[in-house]
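Presented below is the structure to which this report refers.
The values are calculated or read from the model by the stated rules, or taken from the named source; none is laboratory data. Remember, it's a predicted structure, so these values are computed and weren't measured experimentally. Neighbour counts are summed over all protein chains in view; Cβ atoms, including those assigned to glycine, are modelled from backbone coordinates with ideal geometry. Ligands, DNA and RNA are stripped out before the accessible areas are found, and what is left, the full protein with its side chains, is counted by its heavy atoms. Shrake-Rupley method; radii C 1.70, N 1.55, O 1.52, S 1.80 Å.
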Amino acid sequence: MEIQARLTQKELAFKTLYSQYYAPLCLYAKRFVEPLTTREDVVSDAFMHAWEHLSTEELLSPTILSYLKTSIKNMCLNHLRHFGYEQDYLEKMEKDPIYEITPDSVYSLEELYSMLHETLEKLPSEQRVVFTETVLKGRNHEEIAKELDISLKSVTRYKQRVLDLLRKEFKDYLPILLVMLAEKTL
């Protein structure tokens, strides 16, 4: 009795609400998610949200049960949606090695620059020149076409081939690499 005397009206309302509806709301959550621990987490989160955001009057209101059921339903659906995204991501990792995370896939800027240089050295000379002149030096296509005595379409095609190769070779690192190169050449 002495402990209850020290509880505020909001704490008393919450305690009563929690003791009456926690178990039934866990059963209600079973309509949406199966694992008991997930259901308990969702219901606890809904009660915490109610405690943090509702006034004493709202906790005592006849609509509180409807509020909690709606909160629990939405939290369960969000959980399922998030779980679906995780499953999709795991499937992508299994199917496509581009999603693999390995320690070898983290490179320093100097390593990236060295890898780019090696990749560019393997290209036919005209493609390498077109790429370095357009992307790294910022020259326009017409100047390069005239200088190399090739068509404007060839300049565009060569540049695109190199960019496609670099996208394939460097995957997620290409934007960083291009920014780094632009800063070095400026």
Please list, ordered by first then second residue, the pairs with beta carbon atoms under 8 Å, 6 or more apart or interchain, first in segment 18-47 and part of a helix (DSSP H, G or I), second of a type in the set (D, E, K, R) and open to solvent by less than 40 Å² (accessible area, probe 1.4 Å). Cys26/Arg39; Ala29/Arg39
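Per-residue answers, yes or no, for (1) of a type in the set (A, V, I, L, M); (2) at pLDDT 85 or above:
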| position | (1), (2) |
| --- | --- |
| Ser125 | no, yes |
| Val155 | yes, yes |
| Gln160 | no, yes |
| Asp172 | no, no |
| Leu177 | yes, no |
In segment 120-165, the residues that are among the polar types (S, T, N, Q) and assigned to a helix (DSSP H, G or I): Ser125, Gln127, Thr132, Thr134, Ser154, Thr156, Gln160
Taking only pairs six or more apart or across chains, which ones have beta-carbon atoms under 6 Å, a first residue in segment 50-73 that is over 12 Å from Tyr28 (Cα atoms), and a second residue that is open to solvent by 80 Å² or more (accessible area, probe 1.4 Å)? Thr56/Gln9
Candidates Leu136, Leu59 - the one that is in contact with a helix residue (DSSP H, G or I) (Cβ under 6 Å, 6 or more places away or on another chain), surrounded by 13 or more Cβ atoms within 10 Å (Cβ to Cβ) and modelled with pLDDT of 90 or more: Leu59
Would you check if Tyr28 is among the aromatic types (Phe, Trp, Tyr), open to solvent by less than 90 Å² (accessible area, probe 1.4 Å), closer than 15 Å to Leu60 by Cβ and modelled with pLDDT of 90 or more? no
